[in-house]
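The values are calculated or read from the model by the stated rules, or taken from the named source; none is laboratory data. These numbers come from a predicted model, not from an experiment. Cβ coordinates were reconstructed from backbone atoms using ideal geometry, including for glycine residues, and neighbour counts include every protein chain displayed. Just so you know, the surface numbers come from the protein's heavy atoms only, side chains and all, with ligands and any DNA or RNA stripped out. Shrake-Rupley method; radii C 1.70, N 1.55, O 1.52, S 1.80 Å.
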Amino acid sequence: NAGVTQTPKFRVLKTGQSMTLLCAQDMNHEYMYWYRQDPGMGLRLIHYSVGEGTTAKGEVPDGYNVSRLKKQNFLLGLESAAPSQTSVYFCASSLQGWITEAFFGQGTRLTVV
Amino acid sequence: EDKVVQSPLSLVVHEGDTVTLNCSYEVTNFRSLLWYKQEKKAPTFLFMLTSSGIEKKSGRLSSILDKKELFSILNITATQTGDSAVYLCALRTGTASKLTFGTGTRLQVTL
């Protein structure tokens, strides 16, 4: 009953460093999403995937890349971290886009110094 | 550009009070409106509304959508301290994949 699992839960990066956030779901969901949440800004969509091997840009994709090589995993990469990417990142998944309920991971708090 | 506005931004009430949270929107190609509750971490799903005037209810929580006036309300009756959270409204538009969130209403229920 893991649902949606994000790793790591916390990370501090120096400007210019790279890292990958992992999202794993065990519900056989087709759709997966990466959001960032900043104070006063709500949740903003970074990238999403409608199935294995597919990805698409959301509202705020600049500075991020994603991959969906396996159906259960959705990776979010930061190639060269910037302080503006300090945020809480949430992964979500759903069976059929937003027609069905979406489940969120517990979030990753990333600080870029 | 799709727009979702929630009000109030924050609210403090006493246990037992009834609260009404508002979500107004300006979107193209409306599909549905969703409410989520976010405590310390992950948002959890509350309701999905697609049709005007049909109330969705779960225990002390209820919600209704007005597609003519472009808003939804979330009511919580007999509030409890466990209701303290940020309540998020989100609009699904166009393709099945895009969901636009409001900034949320922070509710604090005190004893």
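Buried surface for the A/B pair, taken as the accessible area of each chain alone minus that of the pair with a 1.4 Å probe, is close to 1600 Å² in total. Taking Cα centre as origin and charging only the Cβ of basic (Lys, Arg, +1) and acidic (Asp, Glu, -1) residues, the dipole magnitude of the stretch B:3-110 rounds to 420 debye. In whole percents, the pair-distance distribution calculated for the protein assembly as shown from its alpha-carbon pairs, binned every 5 Å from zero, is 1, 7, 15, 18, 18, 16, 12, 8, 3, 1, 0. Take the Cα of B:HIS14, step 7 Å toward its Cβ, do the same at A:SER80, and the gap between the two points is 5.8 nm. Over all distinct Cα-Cα pairs of chain A, the Kirkwood formula returns a hydrodynamic radius of 13.8 Å. Remark: chain A carries a charge dipole of roughly 300 debye about the Cα centre, counting +1 on each Lys and Arg Cβ and -1 on each Asp and Glu Cβ.
Summarised as an ellipsoid, the stretch B:3-110 has semi-axes of 23, 14, 12 Å, derived from the eigenvalues of the Cα gyration tensor scaled by 5 and square-rooted, with the largest first. Contact residues in the stretch A:67-113 (at least 10 Å² less accessible area with all protein chains than alone, 1.4 Å probe): A:PHE90, A:TRP98, A:ILE99, A:GLU101, A:ALA102, A:PHE104, A:GLN106. When the Cα positions of B:GLN80, A:MET32, B:VAL5 are compared along the charge dipole of the protein assembly as shown, A:MET32 comes out farthest toward the positive end, with charges on each C-beta of Lys, Arg, Asp and Glu.
A dipole drawn for the stretch A:4-112 from +1 and -1 charges on Cβ atoms has a positive end, and of A:VAL50, A:TYR89, A:LEU69 the residue lying farthest that way is A:TYR89. Of the accessible area of the stretch B:3-110, computed with a 1.4 Å probe over protein heavy atoms only, carbon and sulfur atoms account for 51 percent.
Summing Cβ point charges (Lys, Arg +1; Asp, Glu -1) relative to the Cα centre of the protein assembly as shown gives a dipole of roughly 400 debye.
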